[in-house]
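The values are calculated or read from the model by the stated rules, or taken from the named source; none is laboratory data. Since this is a predicted model, take the numbers as computed values, not measurements. Note that we place each Cβ from the backbone using ideal geometry, even for glycine, and neighbour counts take in every protein chain shown.
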């Protein structure tokens, strides 16, 4: 509602300026005054218009205020400072419209489909805490886009021909001497088994030059396909992907499509892209030097700016040569080569398509499809790919490779599509020393003094995602049991699980993407401070108010408040004026859509997380000051309940955008 009202007022100013000054305001900026008594919206466009009108900005602002007349939704318009125009909303009308339209669905957007690629865990071992940040960021951003009516296709790329899978294959074949049948017979948590095996492979390679060559040989056989090594790699990848999807479902994360890297090779996507790159001179064959026998993409001068425009301090481009290998001298394709082909397909530029089959069914009935190269026609009219925009959620350490993918698009002449390809980067997740102790990780005295401990899957040092979730649930169980001795075992576990998942998701979202996170159990699970449980508790507290009031007066519900608005009694009460303190809360509650828009514009989900925390804080202050349950004035009581209802639903709606559910009791 606030967004649409603001747009209407902006359009009124644009039209007025065009009619009276013959000037088009191409970008009308709107600000929020620092103090409530200064108004609700502030427009600085008179500073621009003053140059055209050749008058002082304040004089222009005064002319406009005196001539524009009444503006729908505005109580008054006045000049402020050296040339601002400030707008004050009609508070009573604003409140009633906000209450009556609080559940209005988003209008379907006319823009094309957005392809959002996230998670992308190498299918060689269990997911860890760093992968969770990627998945939670991507899942939340998809929810935000859908809230605005955008069509979003979520993809989780499966790198089943990469070096990490090859390493696990080498581990099974040459460390454990297992055949495909032996591996198929392994029971239990297969991703945990592979986690431990993967950690052994690095030291195995270091034992001899012959061992080190095994990775390249395995990679070559995997890319060739139709051999025992490739079949073993396929089995490993499929089983690990199932484990990953089970892990992510615990956090409410789902996918539409799982594209496999092997299919990019077997369906000759890469071969087609390779010919395009050669035809356009985007790559060249190196005949001498350290890269002799390789196909190289020259990306020009080394950049000091990331794809997403973030600061160069954390940029890794300077660590790389300006030339990039696309095809190795042994004929195998690097990750970035296959990713160029994949990006072309995602944007509908390749002229080719996968085959598809159902791979995983979620509890809600939704199906995640996987690509295949076997001419499987289970999906007769596939509608995957062909996005108008693409977001790739990949950590900041991959910025250089993402730059090369974009450079590949530009080299092929796809400049517009390159501009609509965004590297949604983020920094790593580490562990606080206290968290390491909770997990039984032994630290040196020196490490105990560090602000955070980095994790390494290759070294086997890290926190498996499922272990992290289980530990969070266990700690949450203790808290819930201490607060609600009357809960059944099932109620206790369900509540504890909801709180634990909330704590984890909110913790991973509240930091800006360019911040390194040091995860800490105690901080994440706290019911006080900027945490998921704190925001959840505000929703539960609002629900408790409704329940207690309705126990005494069944008419004090949403329908009763609506009736009071429609029969005019509440409108008459509101027309007497809403005090500044309560107006601030109403205005803050109206800003969910504004913060979602800003979050999407900046590709920064933390904007919404921080907004919800601010709203929860403001509501808790309101709750302690205004005794709604015992309020003697029936109309004021309905007004306070109406405001509580708005905040309750805004918090609930906002938390759902973050992928957070709310328990009945806390």
Quick check on residue 261: is it at pLDDT below 95 and more than 30 Å from residue 181 (Cβ to Cβ)? no
Pick out the one residue from 449, 494 that is in contact (Cβ under 8 Å) with a residue 12 or more places away in the chain and within 29 Å of the chain's Cα centre (by Cα). 494
Pick from 399, 407, 430: which is under 24 Å from residue 337 (Cα atoms), within 21 Å of the chain's Cα centre (by Cα) and either surrounded by fewer than 17 Cβ atoms within 10 Å (Cβ to Cβ) or in contact (Cβ under 8 Å) with a residue 60 or more places away in the chain (or both)? 399
Taking the residues in segment 361-394 that are touching a helix residue (DSSP H, G or I) at 6+ places or on another chain (Cβ under 7 Å) and part of a loop (DSSP other than H, G, I, E, B) as candidates, determine which candidate is surrounded by the fewest Cβ atoms within 10 Å (Cβ to Cβ). 362
With 558, 542 as the choices, which residue is at pLDDT below 90 and either touching a helix residue (DSSP H, G or I) at 6+ places or on another chain (Cβ under 6 Å) or not assigned by TED's automatic domain parsing to the domain that holds residue 499 (or both)? 558
Of the residues in segment 348-360, those that are under 24 Å from residue 417 (Cβ atoms) and out of contact with any helix residue (DSSP H, G or I) (no Cβ under 8 Å at 6 or more places or on another chain) number 2
Please find, among 223, 228, 217, 206, the residue that is surrounded by 19 or more Cβ atoms within 10 Å (Cβ to Cβ) and over 30 Å from residue 658 (Cα atoms). 223
From the list 593, 604, exactly one residue is under 26 Å from residue 89 (Cα atoms) and buried (at least 18 other Cβ atoms within 10 Å of the Cβ). Which is it? 593
Subset tally (residues that are closer than 13 Å to residue 9 by Cα and in contact with a strand residue (DSSP E or B) (Cβ under 8 Å, 6 or more places away or on another chain)) for segment 66-89: 12
Failed item in (1) within 30 Å of residue 132 (Cβ to Cβ); (2) modelled with pLDDT of 90 or more; (3) surrounded by 16 or more Cβ atoms within 10 Å (Cβ to Cβ), with residue 520 passing the rest: (2)
Would you confirm, using the coordinates I've provided, whether residue 464 is touching a helix residue (DSSP H, G or I) at 6+ places or on another chain (Cβ under 9 Å) and either closer than 30 Å to residue 280 by Cα or surrounded by 15 or more Cβ atoms within 10 Å (Cβ to Cβ) (or both)? yes
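For the subset of segment 493-528 comprising residues that are part of a loop (DSSP other than H, G, I, E, B) and out of contact with any helix residue (DSSP H, G or I) (no Cβ under 8 Å at 6 or more places or on another chain), which member is nearest to residue 604 (Cα to Cα)? If you could, list the steps in order and put the result at the bottom.
Just the residues of segment 493-528 that are part of a loop (DSSP other than H, G, I, E, B), to begin with: 511-516, 520, 526-528.
Now restrict to residues that are out of contact with any helix residue (DSSP H, G or I) (no Cβ under 8 Å at 6 or more places or on another chain): 515-516.
Details: 515: 12, 516: 15 Å.
So the residue we want is 515.
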Those residues of segment 183-198 which are in contact with a helix residue (DSSP H, G or I) (Cβ under 9 Å, 6 or more places away or on another chain) and touching a residue at least 12 places away in the same chain (Cβ under 8 Å), in sequence order: 183, 184, 189, 190, 191, 192, 194, 197, 198
Given (1) modelled with pLDDT under 90; (2) in contact with a helix residue (DSSP H, G or I) (Cβ under 7 Å, 6 or more places away or on another chain), number of the condition residue 533 does not satisfy: (1)
So residue 143 ticks every box in (1) more than 22 Å from the chain's Cα centre (by Cα); (2) surrounded by fewer than 23 Cβ atoms within 10 Å (Cβ to Cβ); (3) under 29 Å from residue 524 (Cα atoms); (4) at pLDDT 95 or above but one. Which box is left unticked? (1)
So is residue 612 within 31 Å of the chain's Cα centre (by Cα), without any contact (Cβ under 8 Å) to a residue 12 or more places away in the chain, surrounded by 14 or more Cβ atoms within 10 Å (Cβ to Cβ) and within 30 Å of residue 505 (Cβ to Cβ) or not? no
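Can you find a residue in segment 160-182 that is assigned to a loop (DSSP other than H, G, I, E, B), within 21 Å of residue 507 (Cα to Cα) and in contact with a strand residue (DSSP E or B) (Cβ under 8 Å, 6 or more places away or on another chain)?
If we filter segment 160-182 for residues that are assigned to a loop (DSSP other than H, G, I, E, B), which is where we start, we get 160-162, 176-179.
If we keep only those that are within 21 Å of residue 507 (Cα to Cα) as well, we get none.
No - not one qualifying residue is present in segment 160-182.
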Unique match (being out of contact with any helix residue (DSSP H, G or I) (no Cβ under 7 Å at 6 or more places or on another chain), closer than 22 Å to residue 388 by Cα, touching a residue at least 24 places away in the same chain (Cβ under 8 Å) and surrounded by 14 or more Cβ atoms within 10 Å (Cβ to Cβ)) among 155, 148: 155
Output the residues belonging to segment 95-115 that are at pLDDT 95 or above and either surrounded by fewer than 17 Cβ atoms within 10 Å (Cβ to Cβ) or out of contact with any helix residue (DSSP H, G or I) (no Cβ under 7 Å at 6 or more places or on another chain) (or both). 113
Counted residues in segment 46-98 being under 41 Å from the mean Cα position of the chain (by Cα) and at positive phi come to 3
Picked from segment 380-396 (must be over 18 Å from the mean Cα position of the chain (by Cα) and modelled with pLDDT under 95), the residue nearest to residue 348 (Cα to Cα) is 383
